[in-house]
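Student: Have a look at this one.
The values are calculated or read from the model by the stated rules, or taken from the named source; none is laboratory data. It should be emphasised that the depicted structure is a prediction, and the values quoted were computed from it without experimental measurement. Backbone-built Cβ (ideal geometry, glycine too); neighbour counts: all protein chains shown.
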Amino acid sequence: MSEETTIEAMGNIKISEEVIAVVSGIAASEVKGVAGMSSSFASGIAELLGKKSLAKGVKVELGETTTAIGISLIVDYGCRIPDVAWEVQEKVKKAVEGMTGLEVLEVNIFIDGLIVPKDEKPSDEEAQN
């Protein structure tokens with residue numbers, strides 16, 4: 001009897017969308033250049049989130065054995081956005097597949113904001129020139 005058969009004989013395992021969202025949020029937040037995640041796809045108002053809210057900014061579509069994930073990010077000024085987005089996609093896919101056993105069909109990235117350090121912002125006088 002194979003291990004897979006034993007698991008099926010014992011019952012089903014269901015993983016909630018919230019768990020997948022938290023795993024995705026943790027993986028995304030570990031990428032250099034990610035300043036935070038946006039709290040809502042629709043609002044467009046970006047808010048930096050702490051560890052308690054890692055599922056915010058993550059949308060999960062869950063199938064029987066597959067999932068699709070959308071992540072709304074705020075990135076640091078000066079980073080190369082395509083590189084940050086690609087790394088987030090790779091880390092999220094690896095983390096979710098490794099922890100849940102689900103096949104990740106896609107990880108869509110939405111850049112909702114940019115954080116500019118105070119020392120990078122032009123002064124009012126420079127902006128007028």
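Student: Looking only at the range 60-115, how many residues end up being acidic (Asp, Glu) and either more than 15 Å from Lys14 (Cα to Cα) or in contact (Cβ under 8 Å) with a residue 60 or more places away in the chain (or both)?
Tutor: Of the residues in that region, 6 qualify.
Student: Which residues, counting only those in the range 91-129, are part of a loop (DSSP other than H, G, I, E, B) and either at pLDDT below 80 or of a type in the set (Gly, Ala, Ser) (or both)? Steps first, please.
Tutor: Initial filter on the range 91-129 (part of a loop (DSSP other than H, G, I, E, B)): 101-102, 116-117, 121-123, 129.
Of everything in the range 91-129, those that are part of a loop (DSSP other than H, G, I, E, B) and either at pLDDT below 80 or of a type in the set (Gly, Ala, Ser) (or both) turn out to be Gly101, Lys121, Pro122, Ser123, Asn129.
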